[in-house]
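Novice: Got a structure here, written out as C-alpha cells. Questions coming.
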Amino acid sequence: MIVDDRVLHEDFVPSEVVHRHEEVNHLSETLEPLLSDARPETAFLFGPTGVGKTCIARYTVDQLCEQLPSVRTVYVNCWQEYTRFRVLYSVLEAIDRAFDIHRSTPKDELFRRLSDADDQPIVAILDEVDQLEETEVLYDLHRLPHVSLVLIANREEELFASFDDRVRSRLRAGTRVQFDRYGTDELVAILEERAVQGLEPGAIDERHLRTVADAAAGDARVGIGILRSAVRRADRRGLESVTDDVLAESIPDARTAIRRKTVEQLIEHQRVLYDLIAEAGEIEPGELYAAYEAAVDDPKTNRTLRNYLTKMVHYDLIEAVGERRGRTYRLVDDE
DNA sequence: CATCCACCGGAAGTGAAGGGAT
DNA sequence: ATCCCTTCACTTCCGGTGGATG
C-alpha cells in the first residue's frame, strides 16, 4: 500500500505547496534582497502547531537556493539547540566551518569564526525560537551582515516577552507572516497530495480523508500522523485500502503519539514527576516534592525540580494553576 | 490588619566531562 | 602526566510575593 514512506513523515518538504501560496510569496519577497546582494529584514513566522510554518520556511528557502546557489542555508531547531553555543555550532556545522570545535572552545571563538565566514550569504531558519534559553544569540546573528534570519514561533507576544531588551529592540522591525489554522477542505487537499505521492492509488478514498481532516482539527501534523497510522495498520492486516474500522482505531492513536514523543524526550527524573502528576490528577507543590523524594533513589534538590517543572510547562505537558502559594500542577487536558 | 510562610525564580557557585597545550 | 579552559546540569543562597492565619 505504501509507495514512498518519507511522504507520510511530518517533516517531509513537498516539491509543490498545496496551499499557503500567499505565505510563500510573502516570505520570498522578504528574502528577495539577497538576489541583489542586499540584506533582507528578519522574517517572523507565527502560528499554531501543524499549520505549515516549518514546511513553508524550508520550501521557500530551498527555492531561493535554486535561484541563488551561493546562499548557504541552516535549519536549527531551538528545542534541541537551546544554548548560544549550540546554535552557533549548528550554524557553523552547516557551512562546514565546525572542524576542531569542541566543548572547550570559547563561545566568542565560535562567533568570530562565523563572522569571518562572510564570503557567502547565510539564511538561518530558527524553529521553535521561543524555546531558546539564551536569546542573546539572536543579537549575535543579527549583528552579522551576511546572516539573514527566519524565526519561527507560536505567538508573537510570548516570543518578544522572552527576549531581553537588547534583542527586543533590534528585532522589533522585521516582517511578520501569520499562519492560520487550515480549514477542512485545505487539509483534505494536503492529505490528498500526500496520498497521491506516497500511497498506491485507491489506498484511501476522499470520504476517509475528510474524516481524517475533521479529526485533526486544522493541524496538518496530526492529520498526517493519523493517515500514516491508518495506512500502516491497514497494511499489517493485509487490507487493500483503509476501512472505517481501521480509521476509527487510528485516530486516538495518532493524537496521543505526538505527546508521547514529547514525554519520551524527558529525562528519568522529569518523567517521574510527570507520572506523579498524571497519577494524582492535580497536586500541590509540597505534596509533589514529597512524593518525588519517596519515589526515587537519589533525589535532586527542590530547586532543580522547579526547573524541571517550568520546563515541562513550557513543553505544554503540564500546567500550573494559580500563583505562588496555593498553586497546583496538573496535566494539560487534551481538549 | 499584621505577620507568616509556601512557593517562585534570579544569580552565582560547584564539579564533572571533555579536550588543548605544554 | 599535568594543568587549564570550556560547557552544562545541578546546587546553594536568597529576596519577593500574596494567600492563609490569627
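Novice: Within the range A:257-269, is even one residue open to solvent by 20 Å² or more (accessible area, probe 1.4 Å), part of a loop (DSSP other than H, G, I, E, B) and of a type in the set (V, I, T)?
Specialist: Yes; the residues of the range A:257-269 include at least one that is open to solvent by 20 Å² or more (accessible area, probe 1.4 Å), part of a loop (DSSP other than H, G, I, E, B) and of a type in the set (V, I, T).
Novice: Can you tell me which of (1) crowded, with 16+ Cβ neighbours inside 10 Å; (2) among the charged types (D, E, K, R); (3) within 30 Å of A:R6 (Cα to Cα) is the one A:R168 doesn't meet?
Specialist: (3)
Novice: So which residues in the range A:145-159 are in contact with a helix residue (DSSP H, G or I) (Cβ under 8 Å, 6 or more places away or on another chain) and under 27 Å from A:L35 (Cβ atoms), if there are any at all?
Specialist: Matches in the range A:145-159: A:V147, A:S148, A:L149, A:V150, A:L151, A:I152, A:A153.
Novice: Could you look through the range A:61-95, keep only residues that are over 24 Å from the mean Cα position of the chain (by Cα) and open to solvent by 80 Å² or more (accessible area, probe 1.4 Å), and pick out the one that is nearest to DNA strand C (Cβ to nearest atom)?
Specialist: Selected residue: A:P69.
Novice: Could you tell me which numbered condition A:F111 fails, if it satisfies all but one of (1) within 16 Å of DNA strand C (Cβ to nearest atom); (2) open to solvent by less than 20 Å² (accessible area, probe 1.4 Å); (3) in a helix (DSSP H, G or I)?
Specialist: (2)
Novice: Any idea how many residues of the range A:273-288 are open to solvent by 50 Å² or more (accessible area, probe 1.4 Å), more than 11 Å from DNA strand B (Cβ to nearest atom), out of contact with any Phe, Trp or Tyr (no Cβ under 8 Å at 6 or more places or on another chain) and not small (G, A, S)?
Specialist: So the answer is 2.
Novice: Could I ask something else about it? Out of the range A:5-39, which residues are at pLDDT 90 or above and among the polar types (S, T, N, Q)?
Specialist: Selection gives A:N25, A:S28, A:T30, A:S36.
Novice: Please specify each residue of the range A:160-178 satisfying the condition of being part of a helix (DSSP H, G or I) and either in contact (Cβ under 8 Å) with a residue 40 or more places away in the chain or on the phi > 0 side of the Ramachandran plot (or both).
Specialist: Matches in the range A:160-178: A:L171 only.
Novice: Considering each of A:I2, A:I95, A:I101 in turn, give the residue that is out of contact with any Asp or Glu (no Cβ under 9 Å at 6 or more places or on another chain) and either at pLDDT 95 or above or β-branched (V, I, T) (or both).
Specialist: Being out of contact with any Asp or Glu (no Cβ under 9 Å at 6 or more places or on another chain) and either at pLDDT 95 or above or β-branched (V, I, T) (or both) holds for just one of A:I2, A:I95, A:I101, which is A:I95.
Novice: Filter the range A:13-28 down to the residues that are of a type outside the set (S, T, N, Q) and without any contact (Cβ under 8 Å) to a residue 40 or more places away in the chain, then identify the one that is nearest to A:H146 (Cα to Cα).
Specialist: Looking at residues that are of a type outside the set (S, T, N, Q) and without any contact (Cβ under 8 Å) to a residue 40 or more places away in the chain, I get A:V24.
Novice: Does any residue of the range A:133-150 turn out to be within 16 Å of DNA strand B (Cβ to nearest atom), within 16 Å of the chain's Cα centre (by Cα) and either of a type outside the set (F, W, Y) or not assigned by TED's automatic domain parsing to the domain that holds A:V313 (or both)?
Specialist: Looking through the range A:133-150, at least one residue is within 16 Å of DNA strand B (Cβ to nearest atom), within 16 Å of the chain's Cα centre (by Cα) and either of a type outside the set (F, W, Y) or not assigned by TED's automatic domain parsing to the domain that holds A:V313 (or both).
Novice: Let me ask something else about it. Within the set of pairs 6+ apart or on separate chains, which have a first residue in the range A:103-132 that is under 17 Å from A:L34 (Cβ atoms), a second that is within 10 Å of DNA strand C (Cβ to nearest atom) and at pLDDT below 90, and C-beta atoms under 8 Å apart?
Specialist: Once the first residue is under 17 Å from A:L34 (Cβ atoms) and sits in the range A:103-132, no partner that is within 10 Å of DNA strand C (Cβ to nearest atom) and at pLDDT below 90 comes close enough.
Novice: Right, here's the next one. Looking at the range A:289-312, can you tell me whether even one residue there is open to solvent by less than 30 Å² (accessible area, probe 1.4 Å), under 28 Å from the mean Cα position of the chain (by Cα) and touching a residue at least 40 places away in the same chain (Cβ under 8 Å)?
Specialist: yes
Novice: Then there is this: Sort through A:R176, A:R181 and tell me the only one that's under 25 Å from A:S28 (Cβ atoms), modelled with pLDDT of 95 or more and not β-branched (V, I, T).
Specialist: Values: A:R181 fails: modelled with pLDDT of 95 or more.
Answer to the selection: A:R176.
The values are calculated or read from the model by the stated rules, or taken from the named source; none is laboratory data. All figures in this text were calculated on a predicted structure; none of them were measured in a lab. Ideal geometry is used to build each Cβ from the backbone, glycine not excepted, and the neighbour counts take in all protein chains shown. Please note that ligands, DNA and RNA were not included when accessible areas were found on the heavy atoms of the full protein model with its side chains. Shrake-Rupley method; radii C 1.70, N 1.55, O 1.52, S 1.80 Å.
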